[in-house]
């Protein structure tokens, strides 16, 4: 296959930027409303105990909706284990850098379960490369009551039986990029209060009814919220409930 001409290659980035400014369209997919992308890249991090297979249906749906999804590239998520969290995050940084370089644009991070904490912490460490963070059932609010009983938090304790005060404070701090936390009171694994962010001009919480921890990525409202977040034009993030519907039709 012949390589693109230099003239075409020179136009690639301006064309990409133009596409990302276009308002997304919308379609129905079963019970879900999906907002359609223009190739915006997103790295999808798996549920604790799951690997690429756990996120394959979601990544397939995102690709079909016009986004460019990437697996996190680390196999099954068993937590940092013998690494501490900082060493673990240094390994994950390479994926963010690689995708941003490949796509020539900032990258959205979508973390499910414990991996939402990785996504948030990566956004703090690599924020010029990260467009936004979306978390599903992620217990980052370790200042909330009940964090001691959350099994996902215990994975980060490294066998010591409690989370260091400085780490607990750090996890509760919002990344310097737009953040959307999606959670359910019927999660069954993570106390919902641990998923609630202090809302601001670039952070929000979206509660969904009737979803379990494992079922969050398949819930119609979750799929609508995820694709809506990803499809927003570059630099025009606003909370899910505040965006006028006519801007996305």
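Worth pointing out:
- In segment 90-116, of all residues being in contact with a strand residue (DSSP E or B) (Cβ under 8 Å, 6 or more places away or on another chain) and assigned to a loop (DSSP other than H, G, I, E, B), the one that is nearest to residue 181 (Cα to Cα) corresponds to 113.
- Breaking point among (1) surrounded by 15 or more Cβ atoms within 10 Å (Cβ to Cβ); (2) under 24 Å from residue 228 (Cβ atoms), for residue 176: (1)
- Subset of segment 76-89 that is outside any helix (DSSP H, G or I) and over 20 Å from residue 215 (Cα atoms) - its residue that is farthest from the chain's Cα centre (by Cα): 82
- For the condition in contact with a strand residue (DSSP E or B) (Cβ under 9 Å, 6 or more places away or on another chain), modelled with pLDDT of 95 or more, surrounded by 19 or more Cβ atoms within 10 Å (Cβ to Cβ) and not in a strand (DSSP E or B), residue 222 qualifies.
The values are calculated or read from the model by the stated rules, or taken from the named source; none is laboratory data. Because the structure is predicted, anything quoted here is derived from the model rather than measured. Heads up, the Cβs are rebuilt from the backbone with ideal geometry, glycines too, and the neighbour counts pull from every protein chain shown.
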